[in-house]
């Protein structure tokens with residue numbers, strides 16, 4: 001690759017030249033970094049590689065996942081692989097899906113200034129402030145649904161002037177919603193009872209002992225439930 | 001950045017055939033699926049597993065003589081990386097009932113169930129707790145819990161998908177405990193896709209005869225993983241040590257597994273775990289890049305557990321069978337190798353060649369689907385070339401919008417939609433370009449139905465184990481496997497721990513392994529476990 005094609009970036013203030021159109025993660029590796037922290041799934045779902053960056057001609061702080069964000073010339077970047085965040089313990093069997101339970105554990109959500117900085121810091125573009133406000137109102141369903149795509153990267157936490165740990169509120173709401181507010185699957189419950197009563201023991205045992213020849217015949221004869 | 005102009009022109013051919021293909025789907029007409037025999041022929045001709053010169057026989061150990069990919073042989077036939085003079089077995093840093101190595105899905109399930117049995121549990125994990133392939137699993141988890149379905153049909157589908165090579169006993173456990181696993185997750189507060197009455201939304205996956213794929217959007221694994229991790233944080237009897245991979249198992253003078261030596265990746269110090277029982281749940285080998293393939297796998301998927309288990313005397317099974325997921329991204333270049341969940345095809349998307357024509361039933365088992373794509377690109381020359389000379393076929397996601405209504409992509413595949421929009425491609429309006437990508441280690445350490453191994457007090461669960469899926473795993477059976485066998489391993493390890501008596505700790509097998517290597521005529525400076533892949537100075 002010719003030199004003129006290389007792009008100048010600054011990793012924690014230090015200049016490196018890397019080929020264009022790399023992700024931040026691959027640019028860091030190309031520059032000689034071997035990740036221990038700050039690298040996980042490399043596919044945008046694990047939240048390990050939260051990164052903040054700025055450009056010399058703008059006051060703005062930008063955020064992104066290193067594995068998903070492409071480098072741009074003159075990017076000044078650093079990763080935030082860990083950010084301290086408190087988490088309240090609870091017993092999922094005895095907790096109730098009530099706003100009091102959330103406030104008891106995370107009273108600081110009442111300090112939310114509605115500044116929306118959390119949303120601006122979210123690499124998933126989630127309505128972070130909205131779900132915190134929903135949790136504060138006791139609208140656990142809305143908080144659960146709005147936070148569903150949270151990858152727990154912690155960028156919201158790092159930017160919040162009210163020192164809220166948004167993602168822990170989000171996962172509490174999702175578990176409360178899924179466990180207590182959505183009806184249990186009836187057919188699942190029935191099937192579990194049948195299995196525990198041994199209803200399928202014979203059927204499964206028959207297949208376990210069946211010859212490959214018989215299995216192949218049955219396999220090719222299966223009827224397929226319509227899509 | 002979006003598609004370059006020449007690709008936009010080719011997309012017009014996909015658009016031209018789409019109305020016809022949509023009409024066929026609506027009439028219930030499918031591209032014919034292959035019989036077991038025809039599928040087998042296709043595999044032998046085009047599946048990477050059958051490519052010559054990519055494997056070799058192991059020269060030492062319990063599975064000496066068995067064929068494994070060269071990349072696996074390279075880490076098995078390698079010197080232990082542990083620096084014995086810095087490991088002090090006299091000083092026990094952690095003394096626990098159950099040691100779980102690996103903080104992914106299987107390990108977390110094992111830890112929770114072991115703790116419920118009253119065990120004191122330590123999870124030692126290489127990266128963060130939850131950094132694992134589990135978090136990347138998108139499409140779903142299988143269980144035969146609907147009226148029209150049964151564990152027997154689940155067994156038959158899975159056996160067929162594995163070309164009748166699966167260990168029937170392990171598979172029997174998997175299908176029978178599947179609904180129990182789903183109920184357990186439901187009770188932990190996993191936000192499954194459900195209708196208003198609470199009935200689980202279920203879809204087909206490749207090779208299923210009934211719709212039994214349960215999901216949580218297209219982040220099913222992430223939702224399961226973050227819930228398991230959250231629950232573990234609620235339980236003080238489970239300690240988690242991060243960035244501390246096990247680099248060698250410890251045995252005792254009776255030949256039982258007795259814990260492990262951990263290596264702090266940041267401080268470079270070793271610590272010693274004494275454990276009555278040990279569960280290996282370290283995942284698979286995607287980051288070994290078998291045959292140079294890109295991978296969907298997590299950064300830490302370097303098959304460390306295989307190496308550890310092998311050195312203390314476990315057998316490996318089905319290690320010559322690698323799973324290539326049919327639909328890995330090949331454009332844009334930054335996303336090469338990333339997974340496009342099979343749920344996309346389950347929801348109605350079809351594959352199409354450069355002429356916009358369908359060439360395979362969209363829901364064949366993965367190895368057959370992959371082989372058909374490879375044939376289309378390499379033999380029939382009907383693939384589409386990217387600007388960086390990768391070749392692939394179209395995955396016509398737009399069909400989902402037409403079949404399920406506008407907005408279906410954003411609703412059902414939010415993570416995928418976002419991932420492509422970052423690069424200016426709207427997958428609700430344009431197809432994706434895909435080619436098979438290294439996805440899953442079908443084989444692994446040989447286990448019994450209790451997740452036990454040939455070494456006393458050592459258990460293996462999840463992708464690190466082999467046999468359940470035979471030569472080819474079906475979609476949705478891995479999240480299931482990690483839950484069912486993770487739980488089993490935790491249960492059995494905790495019960496065993498109650499009566500296990502551990503003798504004098506030893507790492508003598510490490511020296512023996514070195515000698516064994518030399519005696520086998522293997523001269524190498526390779527060291528393992530690998531721990532982390534090396535992309536430094538490269539474009540990984």
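The values are calculated or read from the model by the stated rules, or taken from the named source; none is laboratory data. Keep in mind that what you see is a predicted model, and the values were worked out from it rather than measured. Note that we place each Cβ from the backbone using ideal geometry, even for glycine, and neighbour counts take in every protein chain shown.
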| query | So how many residues does region B:98-124 have that are more than 17 Å from the chain's Cα centre (by Cα) and in a loop (DSSP other than H, G, I, E, B)? | reply | 4
| said: Would you confirm, using the coordinates I've provided, whether residue B:182 is at the interface with another protein chain (Cβ under 7 Å from one of its Cβ atoms), closer than 30 Å to residue B:264 by Cβ and either surrounded by 24 or more Cβ atoms within 10 Å (Cβ to Cβ) or touching a helix residue (DSSP H, G or I) at 6+ places or on another chain (Cβ under 9 Å) (or both)? | reply: no
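Would you kindly identify the strands (runs of 3 or more DSSP E) lying entirely within region B:261-359 that contain at least 2 residues that are on the phi < 0 side of the Ramachandran plot and out of contact with any strand residue (DSSP E or B) (no Cβ under 6 Å at 6 or more places or on another chain)?
Numbers: elements: B:270-280, B:322-329, B:350-352.
Counting at least 2 such residues, we get B:322-329.
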| Could you list, in sequence order, the residues of region A:207-222 that are loosely packed, with under 14 Cβ neighbours inside 10 Å and in contact with a helix residue (DSSP H, G or I) (Cβ under 8 Å, 6 or more places away or on another chain)? | A:209, A:220
| Can you find a residue in region B:528-535 that is touching a helix residue (DSSP H, G or I) at 6+ places or on another chain (Cβ under 9 Å), surrounded by 24 or more Cβ atoms within 10 Å (Cβ to Cβ) and within 28 Å of residue B:265 (Cβ to Cβ)? | yes
| query | Residues A:140, A:164: which one is away from chain B (no Cβ under 11 Å) and over 19 Å from residue A:125 (Cα atoms)? | reply | A:140
| field | Single residue of region B:161-170 satisfying the filter (closer than 14 Å to residue A:219 by Cβ, in contact with a helix residue (DSSP H, G or I) (Cβ under 8 Å, 6 or more places away or on another chain) and surrounded by fewer than 24 Cβ atoms within 10 Å (Cβ to Cβ)) that is farthest from the other protein chains (Cβ to nearest Cβ) | value | B:163
| task | Kindly indicate whether any position in region B:301-313 is closer than 17 Å to residue B:394 by Cβ, under 14 Å from the mean Cα position of the chain (by Cα) and buried (at least 22 other Cβ atoms within 10 Å of the Cβ). | result | no
| field | Residues satisfying the stated conditions in region B:240-260, i.e. at negative phi and not in a loop (DSSP other than H, G, I, E, B) | value | B:240, B:241, B:246, B:247, B:248, B:249, B:250, B:251, B:252, B:257, B:258, B:260
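Please go through region B:402-417 and pick out each residue that is outside any loop (DSSP other than H, G, I, E, B) and under 23 Å from residue B:194 (Cβ atoms). Full working, then the answer.
Going residue by residue through region B:402-417, those that are outside any loop (DSSP other than H, G, I, E, B) are B:402-404, B:408-412, B:414-417.
B:403, B:404, B:408, B:409, B:410, B:411, B:412, B:414, B:415, B:416, B:417, listed by residue number.
Matching residues to (1) within 25 Å of the chain's Cα centre (by Cα); (2) modelled with pLDDT under 95:
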| position | (1), (2) |
| --- | --- |
| B:20 | no, no |
| B:28 | no, yes |
| B:56 | yes, no |
| B:62 | yes, no |
| B:74 | yes, no |
